[in-house]
Amino acid sequence: MSITPLAAVRPAHRPAPLFRGRIGRDARSGHYAVPHRYRLHLSTACPDGLRLAVGHSLLGLDTRCPVTLLPAVPDCPDGGHTALRPLYEASAHHYTGPAHEPVLSDDWSGRIVSTHTPDILRDLDLLRPDDRAGLYPAGLESVIEAVERMCAEGIEEAAQRAGRAGADPGERAAALDTLLDTLSRLERRLSGEEYLADGRLTAADIELWVTLVQLDTVHRCHLDASAVHRVAGHRALWAYARRLAAHPAFGRHLDLDGIARRHHGRCQGLEAAGAAVQILDWASHAAHTPGACRR
């Protein structure tokens with residue numbers, strides 16, 4: 001299936017991760033792909049934490065790679081988590097920066113393997129049981145990477161610029177056009193298709209679904225009502241989001257209250273009329289299954 005319309009989006013620029021070890025990629029690191037050795041530390045109120053929680057469930061890693069859940073709102077003034085500080089201090093000599101999540105740690109050494117979400121999700125693929133399908137099927141790498149770029153720049157960054165208080169009206173209008181154009185491309189791709197690639201769930205679906213959750217629960221609060229109605233007009237796209245919310249590996253990790261508290265604790269922007277125009281009733285669609293992540 002052609003991915004040309006998606007690949008037109010420029011690459012996203014993410015902050016450089018502090019730790020970027022890999023599982024099974026470099027024998028010198030000693031990070032072998034064995035079960036029961038590694039642990040995830042995450043908050044599902046954080047978009048990256050939600051991505052990893054969904055991927056962890058789809059891969060069936062509950063017993064192979066335990067998860068330590070962190071509070072929705074970090075408890076340190078610098079935005080870090082007190083519970084993660086011992087790991088950071090053990091992994092970097094005289095470390096004084098914030099102890100951010102998510103983290104993949106090595107229980108054998110008590111040190112951090114990686115804080116880079118895309119790498120962590122790819123490496124979790126190596127730990128999955130033999131009866132679970134991988135999230136990165138061979139031949140679909142370009143599709144998944146293109147969707148990641150679209151979500152980062154065409155949706156998330158564009159939505160932030162479109163709702164930025166005090167910004168030039170022309171800049172906001174241009175950002176909204178970028179957002180709507182990206183959503184329209186995805187709408188066309190999902191019209192008549194259940195998933196984004198290969199007729200099955202992949203990492204591309206995790207990326208898009210989490211981005212849509214953020215768009216509706218966070219970014220729309222800073223858009224005007226007219227803009228939100230135009231965003232909501234992509235029926236196939238939101239039907240897809242609703243369908244995945246009902247999937248146990250997705251919806252049971254939704255912490256709507258945590259997302260709201262995290263957003264309000266960080267955001268200094270002005271709320272706009274779009275805050276009153278909810279696109280999906282996520283709570284009613286989400287599948288809540290006990291034991292989604294085990295400590």
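The values are calculated or read from the model by the stated rules, or taken from the named source; none is laboratory data. No experiment lies behind these values; they were computed from the predicted model shown. In this analysis, Cβ positions are derived from the backbone assuming ideal geometry, glycine residues included, and neighbour counts consider all displayed protein chains. Only protein heavy atoms, including side chains, enter the accessible area calculation; ligands, DNA and RNA are left aside. Shrake-Rupley method; radii C 1.70, N 1.55, O 1.52, S 1.80 Å.
Out of region 153-185, which residues are farther than 19 Å from CYS267 by Cβ and among the small types (Gly, Ala, Ser)?
Of everything in region 153-185, those that are farther than 19 Å from CYS267 by Cβ and among the small types (Gly, Ala, Ser) turn out to be GLY154, GLY170, ALA173, ALA174, SER184.
Say we look at region 144-165 and pick out the residues that are in a loop (DSSP other than H, G, I, E, B) and among the small types (Gly, Ala, Ser); which of these is most open to solvent (accessible area, probe 1.4 Å)?
Only one residue tops the list, namely ALA165.
I'd like to know if region 194-211 contains one or more residues that are over 24 Å from GLY60 (Cα atoms) and at pLDDT 95 or above.
Within region 194-211, not a single residue is over 24 Å from GLY60 (Cα atoms) and at pLDDT 95 or above.
Could you tell me which numbered condition GLY265 fails, if it satisfies all but one of (1) assigned to a loop (DSSP other than H, G, I, E, B); (2) of a type outside the set (Phe, Trp, Tyr); (3) open to solvent by 30 Å² or more (accessible area, probe 1.4 Å)?
Every listed condition holds for GLY265 apart from (1).
So which residues in region 129-138 are at pLDDT 95 or above and either open to solvent by 30 Å² or more (accessible area, probe 1.4 Å) or of a type in the set (Lys, Arg) (or both)?
TYR136
Residues of region 75-86 being within 18 Å of ASP48 (Cβ to Cβ) and outside any loop (DSSP other than H, G, I, E, B), which ones?
The answer is ALA83, LEU84.
Identify the residue in region 88-103 that is at pLDDT 95 or above and touching a Phe, Trp or Tyr at 6+ places or on another chain (Cβ under 6 Å) and, among all such residues, is surrounded by the most Cβ atoms within 10 Å (Cβ to Cβ).
Per the criteria, the residue is ALA99.
Being closer than 23 Å to ASP177 by Cβ, of a type outside the set (A, V, I, L, M, F, W, C) and part of a helix (DSSP H, G or I) is the filter here, so list the residues in region 220-254 that pass it.
Scanning region 220-254 gives ARG220, HIS222, SER226, HIS229, ARG230, ARG235, TYR240.
Identify, by number, the condition in (1) in a helix (DSSP H, G or I); (2) buried (at least 19 other Cβ atoms within 10 Å of the Cβ); (3) in contact (Cβ under 8 Å) with a residue 40 or more places away in the chain; (4) among the hydrophobic types (A, V, I, L, M, F, W, C) that ALA72 doesn't meet.
In the conditions (1) in a helix (DSSP H, G or I); (2) buried (at least 19 other Cβ atoms within 10 Å of the Cβ); (3) in contact (Cβ under 8 Å) with a residue 40 or more places away in the chain; (4) among the hydrophobic types (A, V, I, L, M, F, W, C), ALA72 misses (1) alone.
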